[in-house]
Amino acid sequence: MENHVPSFYEDLKGKGVSRRDFLKFCTTMAAFLGLEASGVTQIVKAFESKPRLPVIWFHFQECTCCSESFIRASHPIVADIVLNKISLDYQETLMAASGVQAEEAYKAVMQKYPGEYIVMVEGSIPTENEAYCCIGGRSALQILEEAVKNCKAVVAWGNCASAGCVQAASPNPTGAKPVHKVISGKPVINVQGCPPIADVMAGVVVHLLTFDRIPQLDGLGRPKAFYSRRVHDTCYRRANFDAGLFVESFDDDGAKRGYCLYKMGCKGPVTYNSCGIIKWNDGVSYPIQSGHPCIGCSEEGFWDNGPFYQHLPEVAGFGIETTADKVGLGLGIATAVGIAGHAIVTNVRKHKEITNEPEEGSKVETK
Amino acid sequence: MRNRSVPLREVHVWEMPVRVYHWINALCITTLCITGYIIGDPPALMKGTEASFNYWFGTVRFIHFISAFLFFFNFIFRTYWGFVGNEFSRWYNFIPLKKSQWQEMGDVIKVDILQLTNKKIDSIGHNSLASFIYFLTFLIFLLQCLTGFGMYSAMSSSFLPKVFAWIVPFLGGDMHVRQLHHILMWGFILFAMIHVYLVFYHDYIERRGVTSSMIGGWKFIEEDVIERHDQNEEAETKKK
Amino acid sequence: MAERIVIDPITRIEGHLRVEIEVTNGKITDAFSAGTMVRGIETILKGRDPRDAWAFVGRVCGVCTSTHSLTSVRTVENALGISVPPNAELIRNLMANALYIHDHVVHFYQLHALDWVDVVSALKANPAEASRIAQSISAWPKSSVGYFTDIQKKFKNFVDSGQLGIFANGYWGHKAYKLPPEVNLIAVAHYLEALEWQKELVKVHTVFGGKNPHPNYLVGGVPCSINIEEANAVNAERLAFVGKLFEDAKTFVDQVYIPDLVAIAGFYKSDWGAIGGGLTNYLAFGDFPSNGYNNPESFKMPRGAILGRDLSHILEVKADDPEQIQEYINNSWYEYSKGDKTGLHPWEGETKFNYTGPKPPYEHLDFSQKYSWVKTPRWKGNPMEVGPLSRMLVGYASGKPEFKEVVDSTLKALDVPVAALFSTLGRTAARGLETKLVCGWALEFYQQLLTNIKNGDTRTQNNVKWDPESWPKQAKGIGMVEAPRGALSHFIVIEDKKIANYQLVVPTTWNASPRDIKGQRSAYEESLIGTPIEDAKNPLEVLRTIHSFDPCLACAVH
Ligand code: HEM
Ligand code: HEM
Ligand code: NFV
Ligand code: SF4
Ligand code: SF4
Ligand code: F3S
Ligand SMILES: [Mg+2]
């Protein structure tokens, strides 16, 4: 067994994690993934037998908050596991080696594990000019294209890699594009959010490890396990929404009582994420619970759906604070004026026709 | 200029199903616009109370959804009637495929909208411009149903809304769908304003009883118009 | 003969930094630092609602997450003349304090430690000796022989697996590593503990801002409401939780971070207390208002500039003075409408890309022309170092007792002169010392918040200027914050209720920038000059000094 690569569980055991903790972790993971009790056995089995999954994690046009979120995975054992169940062979934020030594690390993975390694991407890829993002003298696009050629699957972390995020907001000066728009032929999992919730990130990794296949994705490439429900449908303020109890201005009486933030521009009704269920940072809170409306950070193009404190986006080209209602009302008034004008003109120009009454008593024939 | 003492004949233009459809439709649209507007910008009706004792906003949405279903099926029915109803309700009136329809549209614009001349428009059912506008509104109906049910698919697990689930990713996310749905509401409002005005306008000018036609079904049409209409019909059938 | 060495990517930082050095006779004789990624967020902000800006600029960086958002709301409030309620100020302070403590601890262990700690050497350690050392320097309970034996075993298994993950290809065994195996083992243990611990303190952001990274901010105050009678607001339970998080953080800093810092410094002080000093000018905007942001005298950290290491003169800093702050692009891939040799005050600032570098893939950058996406800010024409060292120096030089006490006692404990502060190690130490101060201030602010609430003041938001209808046709504002990495300022011009111009001048922009028109180097480049390089293939020394600044390139370029 000289080439024996220790399984994830062996690995943990070696690190002093007890069987009990290990099973507890598997159960938590199963719950996150929405699995039945039988799923737990599957996870346990997978971890007991599989070698650590080699992972190359690239940073392109990003802010590193996806990495930051990742290390916040909350279940105590998760932090440890996230570091160890995969073999994080290239991760610029955490890795010891720099420069040439760093580059060698991911080249080694590509050589040693063709078809087996996962490419994880944090950040978008500039297309206007490749030189807008270079690492080691090569462009993001060159690096990515080479790395995905022999990978097993691609995980796009966060809104940047999934949809371009803030740098792709109008006018997108660098031509920033998400991963799925610049590569083809490999499955891409869009783990949305700005950043994604730590436990969602951990959950996706566990899914890949456990079932050895891509999780079910929604129409926008997001894993259904975490993105099939609107924030609005799992929001604990929902009862206030249905009751028509709204915060009318920040820190007003309604805000102090936890009313619904709909009228402060909450995008919960148009946003798919697990914030209401898993919540943030070990279930401490989520934006709405802390008084701020959802800004829709797990949706494509959410930056251009603003202003944030308005229920619907601005109608482009009509200036700030111009909503569909303002345009509509304007058109309505114009229409009313038009109608009035038309009525007056009618009475003038068709005067003859209108006053062309049949003579009193003359017979209008009908058959 | 129309001679007021020409002989008129009663024509049964709108069959019962069309009339019933029309008023259900008008009712639904009115309800949907009012409830929709409230959904988009709810008034601050309630304060200082607990959620558990209230459900008014939920009710407004409920009414919106009920009306939406009614509106949808009513619309489906009208589409069906476009294939089986009388000649005035047939679909081919609405889609301007014939040159004569385009000509008439030009005439209507000249006569009724710009009021440049006082030529007489012959149509018995809708005039061509009206038909075309209705056709466009049917497309808006369709789009409104697609966007509405698309959004609704996230809130419902029943079959019908689920059929529309693809709409949301297709249009690039819920926000865009919602914005479109909201903008289209204004399309309905503008249409209704102009539509109602023009119905009254035609009644006022033409005196064919157009307003009541949507209640009783009958219009009063000039004999010569009917004759020309019949001749045209014959010519058409002969061609074939 | 000078040898040219490229280090790209520099890892264990935020973002994309490339350093090229020239080594002559084992010493660095020239150095160039380049930011190699750009997003254009300043351009993206144009035409948007100023009340939304905090969210956009928040995404400039997820490591110093929230600091740009704070700066942004201050900037907009400054432009519109809004002052926030005292509770909002305190909550903002608490969030910024939490960021400092978190960011500095993570920097020390996750980003910087591996420059000083040889993790592989920890395998050779004697756990009993490690335990003895640990107990001699700190009361931290996790210090038994068994504990260190365990850690060592875990780590051995990890190394034996052959999949070294993030530790692969490190500079293990490099001659510049000087710690005994036992201290290395303690550091490895604390590396893992810090990783576990760091996710706790950020919950302060989650309570007040709903999430971390990227918590929510609000122009006019903070989004959370206080209501001690309500489950849906910041109530007694939430407040107690925040208090506990800060207490725990203080314990970790006092019992783990500071003792480790002092211990490690003890082994490196003789050389690294004199290497990497670089610039002699220091700039700090000051922060942590204890009596309103508009009243800088009340700041816990004072504002000021020091030139030529002259600690007897603190110079006055005014960011709105166009003579004081200018940004240059003579060596950066942008163009200015008035020519690339001019310097612009950020209110007039421009961000227009003009890439003239080599087409990737490339081997070298051409340093005779533009070579970075980082602009070059100057204060009265001088290159300035910003960051913990500048803050500690300005605090120390202005005679603030708290600053004097921690600095003097640490210098004494290490038995080094004040001059040792002007070094790579001094920078790293200053970061630790200010973390200690911040822990104390956070608990003060926390008590103040409780007192306010007890006295019946629960306001967290000022809505007076919320409605854009109430804004003037034109307004200009500046927001200044001491971010973990140094002096941070945002500049806004509002016209017709929209952002007409928005410019960020960021700590790492000051430190990592290319040369100015006079050829003066900025902090990174200057601090590398003269550094001895043991092995040009493994330039660990460069990482030490560069890491001592805690680079953030996403911030620097934005
Ligand atoms: C005349 C037709 C209709 C009009 C004028 C109309 C109007 C509106 C308006 C203005 C909104 C508020 C949008 C916003 O600002 O957020 C809305 C919401 C909505 N409408 Fe309609 N609508 C119509 C038909 C339909 C139909 C056929 C459906 C199909 C189910 C539908 C489903 C919805 C749904 C699901 C919402 C979102 C409700 C919520 O999330 O609370 N609507 N509608
Ligand atoms: C006072 C209220 C109304 C009256 C008197 C009225 C009357 C009429 C009449 C007479 C027609 C046939 C028009 C023609 O021959 O050119 C018609 C068609 C139509 N009306 Fe109305 N209408 C009213 C309100 C509305 C409203 C509120 C709506 C919806 C927004 C509406 C939607 C339609 C549609 C879609 C048609 C085409 C019907 C078809 O052929 O299927 N109506 N209406
Ligand atoms: N430089 C920088 Fe930041 C900080 N601290 C911010 O202003 O890191 Ni991302
Ligand atoms: S998705 Fe958001 S959080 Fe993640 S890197 Fe992009 S900007 Fe940062
Ligand atoms: S706060 Fe937002 S997500 Fe929650 S119920 Fe209200 S609108 Fe929906
Ligand atoms: S803003 Fe993002 S974090 Fe959740 S509540 Fe909304 S999706
Ligand atoms: Mg800038």
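The values are calculated or read from the model by the stated rules, or taken from the named source; none is laboratory data. What you see is a predicted model, and the numbers here were worked out from it, not measured in a lab. With ideal geometry, Cβ positions are generated from the backbone for all residues, glycine too; neighbour counts draw on all protein chains shown. Only protein heavy atoms, including side chains, enter the accessible area calculation; ligands, DNA and RNA are left aside. Shrake-Rupley method; radii C 1.70, N 1.55, O 1.52, S 1.80 Å.
For this structure, a couple of remarks:
- Using the empirical formula 2.2 N^0.38 Å as the baseline, the Cα radius of gyration of the protein assembly as shown reaches a ratio of 1.08.
- Diagonalising the gyration tensor over the Cα atoms of the stretch A:53-211 and scaling each eigenvalue by 5 before taking the square root yields semi-axes of 23, 19, 15 Å, largest first.
- Note on the stretch C:317-470: Kirkwood hydrodynamic radius from all Cα pairs is 20.2 Å, rounded to one decimal.
- With bins 5 Å wide beginning at 0, the percent of Cα pairs of the stretch A:232-353 falling in each bin runs 2, 10, 15, 16, 14, 10, 7, 6, 4, 4, 4, 3, 2, 1, 0, 0, 0.
- Shape of the stretch C:266-376, Cα gyration tensor, a/c cut at 1.5: oblate
- Rounded to 10°, Cα long-axis angle of helix B:99-108 versus longest principal axis of chain B: 80 degrees
- Of the Cα atoms belonging to the stretch C:19-92, the radius of gyration and Dmax stand at 19.1, 60 Å.
- 5 Å binning of all Cα-Cα separations within the stretch B:160-213, expressed as whole percents from 0 upward: 4, 17, 15, 13, 11, 9, 9, 9, 9, 4, 0
- Net charge dipole size for chain C [Lys, Arg +1 and Asp, Glu -1 on Cβ; Debye, nearest 20]: 320 debye
- Paramagnetic reach from residue B:239 in the stretch B:93-126 [backbone N under 12 Å; point 7 Å along Cα→Cβ]: B:97-101
- When Rg and the Kirkwood radius Rh are both evaluated on Cα atoms of chain B, their ratio Rg/Rh stands at 1.05.
- Nearest-ten-degree value, helix B:223-239 long axis tilted from longest Cα axis of chain B: 80 degrees
- Within 10 Å of each Cβ in C:349-362, the average number of Cβ atoms from other chains: 4
- Separation of the stretch C:330-367 and the stretch B:188-240, taken as the distance between their Cα centroids, equals 70 angstrom.
- Protection proxy ranking, peptides B:17-24, A:264-271, C:394-401, average beta carbon neighbours within 10 Å, highest first: A:264-271, C:394-401, B:17-24
- Once Rg and the Kirkwood radius are both taken over the C-alpha atoms of the stretch C:1-154, their ratio Rg/Rh works out to 1.12.
- Taking the charge dipole of chain C about its Cα centre, with +1 at Lys and Arg Cβ atoms and -1 at Asp and Glu Cβ atoms, the residue from C:417, C:43, C:527 reaching farthest to the positive side is C:43.
- Dipole in debye (nearest 20) - the protein assembly as shown, about Cα centre, beta carbon charges: Lys, Arg +1; Asp, Glu -1: 1280 debye
- With a 1.4 angstrom probe, the accessible area lost at the A-C interface totals about 8000 Å².
- Rounded if a/c under 1.5, otherwise prolate or oblate - the stretch C:226-322, Cα gyration tensor axes: oblate
- Helix axis angle, B:16-40 relative to chain B longest principal axis, alpha carbon, degrees: 40 degrees
- Each residue of the stretch A:201-216 was assigned a 3J(HN,Hα) from its phi angle through the Karplus curve 6.51 cos²θ - 1.76 cosθ + 1.60 (θ = phi - 60°); the sequence is 4, 4, x, 5, 4, 4, 4, 4, 5, 6, 9, 6, 8, 5, x, 4 Hz, with glycine and proline shown as x.
- Summed over qualifying helices (DSSP H, 4 residues or more, each -39500 (n - 2.57)) and divided by its residue number, the protein assembly as shown shows a 222 nm mean residue ellipticity of -13500 deg cm²/dmol.
- Relative packing of A:219-231, C:154-166, which averages over residues the other C-beta atoms within 10 Å, highest first: A:219-231, C:154-166
- Peptides C:242-248, C:547-553, A:333-339 ordered by average Cβ neighbours within 10 Å, highest first: C:547-553, C:242-248, A:333-339
- Apportionment of accessible area to carbon and sulfur, the stretch A:53-211, percent (1.4 Å): 50 percent
- Simple point charges give the picture: +1 on the Cβ of Lys and Arg, -1 on the Cβ of Asp and Glu, and for the stretch B:167-240 a dipole about the Cα centre of about 360 debye.
- Residue among B:126, B:68, B:188 farthest towards the positive dipole end of the stretch B:68-201, charges placed on Cβ: B:126
- Projected area, mean over directions - the stretch C:346-414, Cα convex hull, nm²: 9.0 nm²
- Between residue A:213 and residue C:341, the C-beta separation translates, for a Förster distance of 60 Å, into a calculated FRET efficiency of about 0.55.
- Three-way shape label, the stretch C:86-148, alpha-carbon gyration tensor, a/c 1.5: oblate
- 20 Å-binned pair-distance histogram of chain C (Cα, whole percent): 22, 55, 22, 1
- Inverse mean reciprocal Cα-Cα distance (Kirkwood Rh) of the stretch C:438-558, Å: 18.8 Å
- Peptide C:497-504, shielding by other chains (average Cβ, 10 Å cutoff): 1
- Per-residue average of Cβ from other chains inside 10 Å of C:75-87: 0
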